[in-house]
Amino acid sequence: MTKARRKPQGTSGPIVGGPDGIEWAKIRFPETKLEREWLVANLFFKGSARPIMEESKPSLTPFGMPHPNDENDIDFTIGTAEGTKLMELAEIAPLKTHGGIFENAPKRIAPKEKASIVYDLIRGKSDHQGAPGRFLVLYATEHAFKADVITIELVRRRLEKTPPKFDRVYALSIHGLDAASIWEVYPGKPHDFFRELSDDDLDRGQSPHPTEFVVTHSLTWTGAVLSGFRRLPAEFSLTIYLPGYLCDSIGQTQAPG
């Protein structure tokens, strides 16, 4: 019996808050290649039930359940609003420049550098497997490699000039083993917030790493909420979390108290 092929994985997941502070809820991805790809395909299906960010028209939604194809073939067959298409998955994992292991992954990558990594991955997949009736889904298991909104906009601009052979390119943002959201990278629409910003402007922004978040302020508010026709007293707690490097900047700009 052939031993199941295992895939290494990075560290990623959402930041969650609770009474004892914040926690990085790290995702435990399946270890084998087939199980990992099946999870990602199903997360794409579930995520497509909600609006796809910056989606172009005509939409391919609604998507049907994905069906795995034979090994060494394009990954999945899936129903769309335009008929059956083929779906290829690609993990953003540029490990060759980091010693071949996720443990060496940086906490942050400059947007232009990450955009080049993602663009090259798309071009490589396009050259080998791109064709009409196919689309590509990108995902990451390492936080630093995730295609954030700035990276997506930079890549979208490059693909606008040199389109891939795929009908669509999507980026899947995985929030857990049962939840994900989807951004359309190609053709996509320009994000309204970025329309007037140059590539150099975008390169100045970076997404923080979960290990950089700290508690900066908390408050408690006591008021009333409506329940039927009665006003009931209620107490709400709000805690604000920011990256540590922002806290340092805020502290330096505050007037002495």
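The values are calculated or read from the model by the stated rules, or taken from the named source; none is laboratory data. For clarity, every value in this text was computed on a predicted model and none was experimentally measured. As a convention, Cβ positions derive from the backbone with ideal geometry for all residues, glycine included, and neighbour counts pool all protein chains shown. The protein model used for the area step is the full one, side chains on, heavy atoms only, and it has no ligands, DNA or RNA in it. Shrake-Rupley method; radii C 1.70, N 1.55, O 1.52, S 1.80 Å.
Rg to Rh ratio, region 1-83, alpha-carbon atoms and Kirkwood radius?
Here the Rg-to-Rh quotient is 1.07.
Once a ≥ b ≥ c are taken as the square roots of the eigenvalues of the Cα gyration tensor of region 1-159, is the result rounded (a/c under 1.5), prolate (a/b larger than b/c) or oblate (a/b not larger than b/c)? Write down the numbers at each step before the final one.
Working: a/c = 1.34, a/b = 1.26, b/c = 1.06.
Taking the square roots of the gyration eigenvalues as a ≥ b ≥ c, region 1-159 is rounded.
Cut-off 12 Å, label point 7 angstrom out along Cα-to-Cβ of ARG6: give me the residues of region 22-43 whose amide nitrogen falls inside.
31-33
Largest first and in whole Å, what are the equivalent-ellipsoid semi-axes of region 59-123 based on the Cα gyration tensor, each being the root of 5 times an eigenvalue?
Those come to 31, 15, 10 Å.
In a solvent-free Debye calculation with one equal scatterer on each Cα, what is log10 I(q)/I(0) for region 67-179 at q = 0.13, 0.17, 0.20, 0.24 Å⁻¹, listed in the order of the q values?
Computed log10 I(q)/I(0) values: -0.53, -0.89, -1.17, -1.42.
Provide the packing ranking of 106-115, 188-197, i.e. peptides ordered by the mean count of other C-beta atoms within 10 Å per residue, highest first.
106-115, 188-197
At 7 Å along Cα-to-Cβ for each site, give me the label-to-label distance between GLU82 and HIS175 in nm.
2.8
Would you mind getting the accessible area per residue of region 1-99, heavy atoms of the protein chains only, 1.4 Å probe, in Å²?
On the way: 5820 Å² over 99 residues.
Ligands and nucleic acids excluded, the result is 59 Å² per residue.
Output the Cα-based Rg and Dmax of region 117-210 in Å, rounding Rg to one decimal and Dmax to a whole number.
Expressed in Å, the Cα Rg and Dmax of region 117-210 come to 13.4, 39.
Report the extension gain between GLN206 and ILE101 in nm, rounded to one decimal, defined as 0.36 nm multiplied by the number of residues separating them, less their alpha carbon distance.
Answer, rounded to one decimal: 35.5 nm.
At 0.36 nm per residue, minus the direct Cα-Cα distance, what do THR61 and PHE193 gain on full extension? Give it in nm, one decimal, please.
Between THR61 and PHE193, full extension yields an extra 45.0 nm.
Dividing the Cα convex hull volume of region 100-151 by residue count, how many Å³ per residue is that?
98
Give the lysines whose C-alpha is closer than 22 Å to that of LYS146, dropping any in the same chain fewer than 8 places away, or say none.
LYS146 reaches LYS7, LYS26, LYS33, LYS46, LYS96, LYS107, LYS112, LYS114, LYS125, LYS189.
Calculate, in nm to one decimal, what TRP24 and LYS165 gain on full extension: separation in residues at 0.36 nm each, minus their alpha carbon distance.
Result: 47.0 nm gained on full extension.
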